[in-house]
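The values are calculated or read from the model by the stated rules, or taken from the named source; none is laboratory data. Only a predicted model underlies this, so the values are computations on that prediction, with no experimental measurement involved. Glycine also receives a Cβ, built like all others from the backbone with ideal geometry; neighbour counts cover every protein chain displayed. Accessible surface areas use protein heavy atoms only, side chains included; no ligands, DNA or RNA. Shrake-Rupley method; radii C 1.70, N 1.55, O 1.52, S 1.80 Å.
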Amino acid sequence: MIWQWTGLAVFSVTLLPAGIALLTGHVPQRLHARLTPMRPRGIALLAFYTAAPLNALPRLAGASTTATLAATALAGLLTCAGCILVIVAGHRTQATTR
């Protein structure tokens, strides 16, 4: 149980602020060139972040195995959607710069 709390805290401290910063465009100027599609990357980071609470909270609440499995499957789908969003945004950016 301590690992769920630790993982939830680590992801809340790292991915949540980074995702919000990218989503709102608050990144240092020197990183603007490296993070060109900032909004999609911010949305993807927030999708990655949602995997932590969706995986940890049902386990911490003592939910049934079916509910825990459903929440973990939803977390996996959101993570895959975030990956696809970053891939599509990266390809769009490359196509417009050529």
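Numbers at a glance
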quantity	calculated
Check on HIS32, free of Cβ contacts under 8 Å to residues at least 40 places away in the same chain, farther than 30 Å from MET1 by Cα, open to solvent by less than 70 Å² (accessible area, probe 1.4 Å) and of a type outside the set (Lys, Arg)	yes
Positions within region 47-57 being open to solvent by 40 Å² or more (accessible area, probe 1.4 Å) and either under 22 Å from HIS91 (Cα atoms) or in contact with an Asp or Glu (Cβ under 9 Å, 6 or more places away or on another chain) (or both), in sequence order	PHE48
Test: ALA89 is in a helix (DSSP H, G or I) and open to solvent by less than 70 Å² (accessible area, probe 1.4 Å)	yes
Region 11-29 residues that are surrounded by 11 or more Cβ atoms within 10 Å (Cβ to Cβ), paired with ones that are part of a helix (DSSP H, G or I) and of a type in the set (Ser, Thr, Tyr) (beta carbon under 6 Å, 6 or more apart)	PHE11/TYR49; LEU15/TYR49; LEU16/TYR49; GLY19/TYR49
